[in-house]
Every structure is written in structure tokens, then in C-alpha cells.
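The values are calculated or read from the model by the stated rules, or taken from the named source; none is laboratory data. Keep in mind it's a predicted model, so treat the numbers as computed, not measured. Cβ placement follows ideal geometry from the backbone for every residue including glycine, while neighbour counts extend to all protein chains displayed.
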């Protein structure tokens, strides 16, 4: 599939895709899965290790700022990683993508259509718990210096 782009390669809503681009988009899809999964695991568990607590506080804060800050303009729970990943998936021909990356992969991994509200509640609860733990432990670490 080739779409002519009259405006230029970087400033356009059009997507140019050729067979060589297909492999690149498939690579992007895999890289987004790996990076997004790693970020979610780190956001959930990064507070555990003293060496990663400062970085964890930064990443969990940035995640929540995106969900609730950027969410004002783009919709609550907005994640730029999910947005970019869904652009790649749409270019690869996927449709009907949910707003939640976690729901998409839970559905795919388990074969069960998870309730959106349940998944969103689980994700928000885990993120807020991780934030509280991270702030508490970072403050404790700072006092113990």
C-alpha cells in the first residue's frame, strides 16, 4: 500500500507505507509491546529496590500526570505510548482497539473479554498504591541519610 503524501514526510496525517515499511511497523509494534510492558512492570514494582526508587517516583509521577494532566485535553487515562502504539497497529490493519493498552493485552493473553471498568480500576489502584509506596519509601530513604 502506498499513499502519496503531498505535504512532506514528517508533517502530515497521511501514512506512507510500502512493503519495506511494513517490516518497520511490525518492528515498532514489538518494540512498543516490550517497552510498554517493561514500563508497566517498573511502575508497579520499581519502588521495591532502593536503587530504583528515585527513578520509579519519576516514572510513576509522569504516568499519572499523563493520565490526569494530559487526560484533561485528550481524555482521562491518556497515555502517549498507547496512542503511538495504536497508530502503528492501525497502520498494520488492526481495528477496534480499546482505549486501554492493559485491557487489550489482558484480553489477548487470556482469551477473556475483561470488563473495561474493572481493568481501569485495577490499573488506577495499582498505580496509586505504587505512588504512595514510592513517596513513602523515598521520604524514609531521605531521612535515613
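Within the range 67-83, being in contact (Cβ under 8 Å) with a residue 12 or more places away in the chain and loosely packed, with under 13 Cβ neighbours inside 10 Å holds for 75, 80. For the range 113-131, residues that are surrounded by 15 or more Cβ atoms within 10 Å (Cβ to Cβ), free of Cβ contacts under 8 Å to residues at least 60 places away in the same chain and either under 16 Å from residue 71 (Cβ atoms) or more than 16 Å from the chain's Cα centre (by Cα) (or both) total 4.
Could you tell me which residue of the range 94-112 is farthest from the chain's Cα centre (by Cα), considering only residues that are assigned to a loop (DSSP other than H, G, I, E, B) and surrounded by 10 or more Cβ atoms within 10 Å (Cβ to Cβ)? Top of the filtered list is 94. Might you check whether a residue that is farther than 30 Å from residue 145 by Cβ and either surrounded by 12 or more Cβ atoms within 10 Å (Cβ to Cβ) or modelled with pLDDT under 95 (or both) occurs anywhere in the range 42-61? There is no residue in the range 42-61 that is farther than 30 Å from residue 145 by Cβ and either surrounded by 12 or more Cβ atoms within 10 Å (Cβ to Cβ) or modelled with pLDDT under 95 (or both).
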